[in-house]
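Undergrad: One structure, pasted below without further comment.
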Amino acid sequence: MAWKLIVRAGAKVERSRYDQLEDALDALEARAKDLEHDAAGQAVDLKFRRFEPVEQVVARIELSGPERLMPKVRAGVDVRGDGSTEAYLGHVTRDVISARRGDTTYRALRRALNSK
(Lines give C-alpha, C1' and ligand atoms only; values in the text may rest on other atoms or scores of the structure.)
Protein backbone atom coordinates (compact mmCIF):
# COMPACT_ATOMS: atom_id res chain seq x y z
CA MET A 1 0.00 0.00 0.00
CA ALA A 2 1.40 3.34 -1.03
CA TRP A 3 0.51 7.00 -1.11
CA LYS A 4 0.24 8.52 -4.56
CA LEU A 5 1.16 12.15 -5.22
CA ILE A 6 0.12 13.82 -8.48
CA VAL A 7 1.35 17.31 -9.35
CA ARG A 8 -0.49 19.15 -12.11
CA ALA A 9 1.22 22.39 -13.07
CA GLY A 10 0.13 23.85 -16.36
CA ALA A 11 0.25 21.08 -18.96
CA LYS A 12 2.78 19.02 -16.98
CA VAL A 13 1.77 16.09 -14.79
CA GLU A 14 4.20 14.44 -12.38
CA ARG A 15 3.43 11.24 -10.47
CA SER A 16 5.25 9.74 -7.52
CA ARG A 17 4.62 7.15 -4.81
CA TYR A 18 5.58 7.07 -1.13
CA ASP A 19 5.39 4.31 1.44
CA GLN A 20 4.58 6.60 4.37
CA LEU A 21 2.06 9.41 4.68
CA GLU A 22 4.63 11.72 6.29
CA ASP A 23 7.02 11.27 3.35
CA ALA A 24 4.22 12.08 0.91
CA LEU A 25 3.22 15.17 2.89
CA ASP A 26 6.84 16.36 3.01
CA ALA A 27 7.10 15.97 -0.77
CA LEU A 28 3.75 17.73 -1.26
CA GLU A 29 4.86 20.67 0.85
CA ALA A 30 8.25 20.99 -0.87
CA ARG A 31 6.75 20.86 -4.35
CA ALA A 32 3.94 23.29 -3.48
CA LYS A 33 6.41 25.81 -2.05
CA ASP A 34 8.40 25.64 -5.30
CA LEU A 35 5.24 26.27 -7.29
CA GLU A 36 4.20 29.14 -4.99
CA HIS A 37 7.36 31.04 -5.92
CA ASP A 38 6.86 30.36 -9.63
CA ALA A 39 3.21 31.49 -9.65
CA ALA A 40 3.11 34.58 -11.77
CA GLY A 41 -0.55 34.81 -12.52
CA GLN A 42 -1.98 37.69 -14.40
CA ALA A 43 -5.58 38.65 -14.73
CA VAL A 44 -7.40 36.99 -17.61
CA ASP A 45 -9.96 39.22 -19.21
CA LEU A 46 -12.66 37.47 -21.18
CA LYS A 47 -15.14 39.82 -22.73
CA PHE A 48 -17.81 38.89 -20.21
CA ARG A 49 -15.73 38.19 -17.06
CA ARG A 50 -12.35 38.97 -15.59
CA PHE A 51 -10.43 36.35 -13.57
CA GLU A 52 -7.98 37.76 -11.07
CA PRO A 53 -4.85 35.75 -10.15
CA VAL A 54 -6.34 34.71 -6.79
CA GLU A 55 -9.26 33.10 -8.67
CA GLN A 56 -6.97 31.00 -10.90
CA VAL A 57 -5.48 27.65 -9.93
CA VAL A 58 -2.03 27.45 -11.54
CA ALA A 59 -1.11 24.11 -9.93
CA ARG A 60 -2.87 21.32 -8.08
CA ILE A 61 -1.10 18.75 -5.92
CA GLU A 62 -3.24 15.72 -5.16
CA LEU A 63 -2.58 13.06 -2.53
CA SER A 64 -4.43 9.75 -2.41
CA GLY A 65 -4.00 6.48 -0.59
CA PRO A 66 -3.15 4.25 1.02
CA GLU A 67 -5.25 1.87 -1.07
CA ARG A 68 -4.49 1.79 -4.76
CA LEU A 69 -7.85 1.27 -6.46
CA MET A 70 -10.29 2.83 -4.00
CA PRO A 71 -8.25 5.20 -1.82
CA LYS A 72 -9.83 6.11 1.51
CA VAL A 73 -8.05 9.45 1.59
CA ARG A 74 -8.06 12.07 -1.14
CA ALA A 75 -6.67 15.50 -0.34
CA GLY A 76 -4.43 18.13 -1.79
CA VAL A 77 -3.32 21.71 -2.19
CA ASP A 78 -4.25 24.25 -4.86
CA VAL A 79 -1.67 26.91 -5.71
CA ARG A 80 -3.35 30.11 -6.85
CA GLY A 81 -2.09 32.58 -9.43
CA ASP A 82 -1.06 35.06 -6.74
CA GLY A 83 1.05 32.43 -4.94
CA SER A 84 -1.45 31.69 -2.18
CA THR A 85 -2.37 28.11 -1.32
CA GLU A 86 -5.54 26.34 -0.23
CA ALA A 87 -5.76 22.82 1.21
CA TYR A 88 -8.75 20.58 0.65
CA LEU A 89 -10.16 17.13 1.42
CA GLY A 90 -12.13 15.13 -1.11
CA HIS A 91 -12.00 14.43 -4.80
CA VAL A 92 -15.16 15.26 -6.70
CA THR A 93 -16.50 17.57 -4.02
CA ARG A 94 -13.72 19.38 -2.23
CA ASP A 95 -14.01 20.61 1.33
CA VAL A 96 -11.60 23.46 2.03
CA ILE A 97 -9.51 22.98 5.15
CA SER A 98 -9.45 26.10 7.27
CA ALA A 99 -6.10 26.94 8.81
CA ARG A 100 -6.12 27.86 12.47
CA ARG A 101 -4.52 31.06 13.63
CA GLY A 102 -0.77 30.77 13.09
CA ASP A 103 -1.11 27.59 10.98
CA THR A 104 0.20 27.16 7.48
CA THR A 105 -1.81 25.48 4.76
CA TYR A 106 0.44 22.44 5.05
CA ARG A 107 0.10 22.14 8.83
CA ALA A 108 -3.68 22.36 8.48
CA LEU A 109 -3.61 19.58 5.88
CA ARG A 110 -1.44 17.39 8.13
CA ARG A 111 -3.77 18.01 11.07
CA ALA A 112 -6.84 17.09 8.99
CA LEU A 113 -5.24 13.89 7.65
CA ASN A 114 -3.92 12.78 11.03
CA SER A 115 -7.36 13.18 12.59
CA LYS A 116 -8.89 10.76 10.05
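Undergrad: Between D82 and D103, what is 0.36 nm times their sequence separation minus the Cα-Cα distance? Round to one decimal in nm.
TA: Contour length minus the Cα-Cα distance gives 5.6 nm.
Undergrad: Another question about this same structure. Can you give me the relative contact order of the chain as a percent, contacts being Cα pairs under 8 Å and 6 or more apart?
TA: Computed value for the chain: 22 percent relative contact order.
Undergrad: A follow-up question, please. Please calculate how many Å² of accessible area the chain carries per residue, with a 1.4 Å probe and no DNA, RNA or ligand atoms counted.
TA: 64
Undergrad: Let me ask something else. To test your reading of the geometry: what angle, between 0 and 90 degrees and rounded to tens, separates the Cα axis of helix 105-114 from the longest principal axis of the chain?
TA: Tilt relative to the chain: about 30 degrees.
Undergrad: Quick check for me: using +1 on Lys/Arg Cβ and -1 on Asp/Glu Cβ, what's the dipole size of the range 1-85 about its Cα centre, in debye to the nearest 20?
TA: Computed charge dipole of the range 1-85: roughly 480 debye.
Undergrad: With unit charges on the beta carbon (Lys/Arg positive, Asp/Glu negative), name the residue among V58, T104, T85 whose Cα is farthest towards the positive pole of the charge dipole of the range 58-116.
TA: Projecting each Cα onto the dipole axis, the largest value belongs to T104.
Undergrad: Right, here's the next one. Rounded to the nearest percent, how much of the accessible area of the chain (1.4 Å probe, protein heavy atoms only) is carbon and sulfur?
TA: Percent of accessible area from carbon and sulfur atoms in the chain: 48.
Undergrad: As an exercise, identify the chymotrypsin sites (Phe, Trp or Tyr not before Pro) in the range 1-82 lying in DSSP coil whose Cβ has no more than 11 other Cβ atoms within 10 Å.
TA: Sites meeting the loop and neighbour criteria: F48.
Undergrad: How about the range 48-91: which GluC sites (Glu not before Pro) there are in a DSSP loop, with at most 13 other Cβ atoms within 10 Å of their Cβ?
TA: E67
Undergrad: Please identify every one of the trypsin sites (Lys or Arg not before Pro) in the range 68-101 that sits in a loop by DSSP and has no more than 12 other beta carbons within 10 Å of its own beta carbon.
TA: When the trypsin sites (Lys or Arg not before Pro) of the range 68-101 are filtered for loop state and at most 12 Cβ neighbours within 10 Å, R68, K72, R100, R101 remain.
Undergrad: Relative to the longest principal Cα axis of the chain, at what angle does helix 21-38 sit, 0 to 90 degrees, rounded to 10?
TA: The two axes meet at around 10 degrees.
Undergrad: While we're looking at this one, here's another question. Mind computing the radius of gyration and Dmax over the alpha-carbon atoms of the range 6-88? Å is fine for both.
TA: When restricted to Cα atoms, the range 6-88 yields Rg and Dmax of 14.3, 48 Å.
The values are calculated or read from the model by the stated rules, or taken from the named source; none is laboratory data. Quick caveat: nothing in here was measured; it's all calculated off a predicted structure. FYI the Cβ positions are ideal-geometry reconstructions off the backbone, even for glycines, and counts take in every protein chain you see. We work out accessible area using only protein heavy atoms, side chains counted, and drop any ligands, DNA or RNA first. Shrake-Rupley method; radii C 1.70, N 1.55, O 1.52, S 1.80 Å.
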